[in-house]
Amino acid sequence: MKLGIPVESRDGETRVAATPETVKKLVAAKHEVLVEAGAGIKSSIPDDAYEAVGARVSFAAEVYGVDAVLKVRAPSAEERSLMRSGAVVVGMLNPFDADNTAAMAAHGLTAFALEAAPRTSRAQSMDVLSSQANIAGYKAVLMAANTYQRFMPMLMTAAGTVKAARMLIMGAGVAGLQAIATAKRLGAVIEASDVRPAVKEQIESLGAKFLDVPFITDEEKEIAQGIGGYARPMPVDWMRRQAELVHERARQADIIITTALIPGRKAPILISEDTVRAMKPGSVILDMAVDQGGNCPLSESGKTVIKHGVHIIGEGNLAALVAADASALYARNLLDFLKLIINAEGGLVINREDDIVAGTLLCSGGEVLRK
């Protein structure tokens, strides 16, 4: 099969869908791999590194005109126009963007959205959300620490003692747990919150204190379990009680990192303007959910702003700031997925009885399959 690796055209996107490590394996499997010139530059991969493992460096029109295009983000209208009807595109295609899915279907593409893979043991090696969120949680702490104008750890010096920074992490999914681990290594005192009681043990095992909002009703307990590892929108009264607790803890925090996302929905507001107003001057908020509306209404995508004396960092694509490792992990996820849809002879095989294939397949043959 002829595979294309293009340059990612979206602003701020530095990752690439294949690395020399994965290209070497694709070539060994008898695939012809075309890489657009400069595709890996922002991930510290020069063109000759791809050529050294058997890829051919080419131009955009040829790279997009192949049997299957491997991408990080969904193709733009211009990129779709370069693809032939019947071609396959694999990437993080945002299955909740109905307009984009419809456009790909109308163009005759067979599209697989890797972030829609089920959260099962079998799919772990293809879990792009986890691999990228792990990097994002790490980078979030470093960015917040860089903006914070004090030390993170406690220091005892001849000039006196410096207190450790107090950090509050909202959301304990993969990104939040990695943020806890990274902040702990830097010496911060950490508290963490999540709607799912099941993560309490994980939070505490990493050295953070769990902020517990008790459940009053059976409905609250049931909703808090989440679906497939993801949080669900909580009842209004529980959110009110959580907001009161968060407000109190935020007043004492030096750094807050918010990671809370609900797939396909606007991010929940966790840090209100009143809470920001009550925080200490020089405090830092890093809002990882800014591109889905933000966990703080004062966040601005791609910007760091100062509101009420608090630095608010709005960065929704943190993994792209660690491009080399993010690309390496993503490329391995994608390589493992390709094994499900390409047979030993190099032909495309779409087995809709396979839960991973069926879960990721957005459209095929002009039909939108995921509503």
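The values are calculated or read from the model by the stated rules, or taken from the named source; none is laboratory data. This is a predicted model, so every value here is computed, not measured. Cβ coordinates were reconstructed from backbone atoms using ideal geometry, including for glycine residues, and neighbour counts include every protein chain displayed.
From the residues in segment 225-276 that are at pLDDT below 85 and touching a strand residue (DSSP E or B) at 6+ places or on another chain (Cβ under 8 Å), which one is surrounded by the most Cβ atoms within 10 Å (Cβ to Cβ)?
Step one: of segment 225-276, the residues at pLDDT below 85 are 225-243, 262-264.
With the extra rule that they be touching a strand residue (DSSP E or B) at 6+ places or on another chain (Cβ under 8 Å), the set shrinks to 242, 262-263.
Values: GLN242: 19, ILE262: 17, PRO263: 15.
The qualifying residue surrounded by the most Cβ atoms within 10 Å (Cβ to Cβ) is GLN242.
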Note to self: So ASP127 passes all but one of these: (1) assigned by TED's automatic domain parsing to the domain that holds VAL310; (2) out of contact with any His (no Cβ under 6 Å at 6 or more places or on another chain); (3) surrounded by 15 or more Cβ atoms within 10 Å (Cβ to Cβ); (4) not hydrophobic (A, V, I, L, M, F, W, C). Which condition number does it fail?
What the structure shows: (1)
Notebook entry, point to check: Could you list, in sequence order, the residues of segment 313-345 that are of a type in the set (S, T, N, Q) and either buried (at least 17 other Cβ atoms within 10 Å of the Cβ) or outside the structural domain of THR19 (by TED's automatic domain parsing) (or both)?
Noted result: ASN317, SER327, ASN333
Notebook entry, point to check: Does ALA136 satisfy the condition of being surrounded by 23 or more Cβ atoms within 10 Å (Cβ to Cβ), assigned to a helix (DSSP H, G or I) and not hydroxyl-bearing (Ser, Thr, Tyr)?
Noted result: yes
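Which is within 27 Å of VAL349 (Cβ to Cβ) and free of Cβ contacts under 8 Å to residues at least 40 places away in the same chain, of LYS71, LYS24, LYS30, LYS2? Outline the logic, then answer.
On the way: LYS71 fails: free of Cβ contacts under 8 Å to residues at least 40 places away in the same chain; LYS30 fails: free of Cβ contacts under 8 Å to residues at least 40 places away in the same chain; LYS2 fails: free of Cβ contacts under 8 Å to residues at least 40 places away in the same chain.
Within the list LYS71, LYS24, LYS30, LYS2, the selection yields LYS24.
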Item checked: Criterion: in the same structural domain as ALA192 (by TED's automatic domain parsing) and either within 30 Å of SER121 (Cβ to Cβ) or more than 15 Å from the chain's Cα centre (by Cα) (or both) - qualifying residue of VAL310, VAL290 -> VAL310
Note to self: Given (1) over 17 Å from ALA17 (Cβ atoms); (2) surrounded by 23 or more Cβ atoms within 10 Å (Cβ to Cβ); (3) over 12 Å from the mean Cα position of the chain (by Cα); (4) not aliphatic (A, V, I, L, M), identify the lone condition not met by PHE112.
What the structure shows: (1)
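It is to be established whether one or more residues within segment 132-141 are at pLDDT 95 or above and in contact with a strand residue (DSSP E or B) (Cβ under 6 Å, 6 or more places away or on another chain). Break it down into steps so the answer makes sense when it comes.
Step one: of segment 132-141, the residues at pLDDT 95 or above are 132-141.
Then drop every residue that is not in contact with a strand residue (DSSP E or B) (Cβ under 6 Å, 6 or more places away or on another chain), which leaves 140.
Taking every residue of segment 132-141 in turn, at least one turns out to be at pLDDT 95 or above and in contact with a strand residue (DSSP E or B) (Cβ under 6 Å, 6 or more places away or on another chain).
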Item checked: Residue under evaluation LEU298, criteria (1) of a type in the set (A, V, I, L, M, F, W, C); (2) at pLDDT 95 or above; (3) outside any loop (DSSP other than H, G, I, E, B), criterion not met -> (3)
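Results for (1) of a type outside the set (Val, Ile, Thr); (2) within 26 Å of the chain's Cα centre (by Cα); (3) closer than 19 Å to LEU82 by Cβ; (4) at pLDDT 95 or above, shown as yes or no for each residue.
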{"residue": "GLU8", "(1), (2), (3), (4)": "yes, yes, yes, yes"}
{"residue": "THR19", "(1), (2), (3), (4)": "no, yes, no, yes"}
{"residue": "LEU26", "(1), (2), (3), (4)": "yes, yes, no, yes"}
{"residue": "LEU34", "(1), (2), (3), (4)": "yes, no, yes, yes"}
{"residue": "PRO46", "(1), (2), (3), (4)": "yes, yes, no, yes"}
{"residue": "VAL53", "(1), (2), (3), (4)": "no, no, no, yes"}
{"residue": "ARG56", "(1), (2), (3), (4)": "yes, no, yes, yes"}
{"residue": "ALA60", "(1), (2), (3), (4)": "yes, no, yes, yes"}
{"residue": "TYR64", "(1), (2), (3), (4)": "yes, yes, yes, yes"}
Item checked: Wholly within segment 1-117, strands (runs of 3 or more DSSP E) carrying at least 3 residues that are within 20 Å of GLY366 (Cα to Cα) -> 68-73, 88-92, 110-113
Next item on the list: Please work out which residue is modelled with the lowest pLDDT, limiting yourself to segment 195-209 and to residues that are part of a helix (DSSP H, G or I) and among the small types (Gly, Ala, Ser).
Entry: ALA198
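From the list ASN146, ASN100, ASN94, pick out the single residue that is in the same structural domain as LEU70 (by TED's automatic domain parsing) and within 22 Å of GLY314 (Cα to Cα).
On the way: ASN146 fails: in the same structural domain as LEU70 (by TED's automatic domain parsing); ASN100 fails: within 22 Å of GLY314 (Cα to Cα).
Within the list ASN146, ASN100, ASN94, the selection yields ASN94.
Take the residues in segment 118-132 that are of a type in the set (A, V, I, L, M) and not in a loop (DSSP other than H, G, I, E, B), then tell me which one is nearest to LYS266 (Cα to Cα).
First, the residues of segment 118-132 that are of a type in the set (A, V, I, L, M): 123, 126, 128-129.
Imposing the further condition that a residue be not in a loop (DSSP other than H, G, I, E, B) reduces the set to 126, 128-129.
On the way: MET126: 25, VAL128: 21, LEU129: 18 Å.
Among those residues, the one meeting the criterion is LEU129.
Could you tell me which residue of segment 147-189 is surrounded by the fewest Cβ atoms within 10 Å (Cβ to Cβ), considering only residues that are hydroxyl-bearing (Ser, Thr, Tyr) and within 19 Å of SER283 (Cβ to Cβ)? Walk me through it before giving the result.
Within segment 147-189, the subset hydroxyl-bearing (Ser, Thr, Tyr) is 147-148, 157, 161, 182.
From the residues that got through so far, the ones that are within 19 Å of SER283 (Cβ to Cβ) too are 147-148, 182.
Values: THR147: 17, TYR148: 19, THR182: 21.
Selected residue: THR147.
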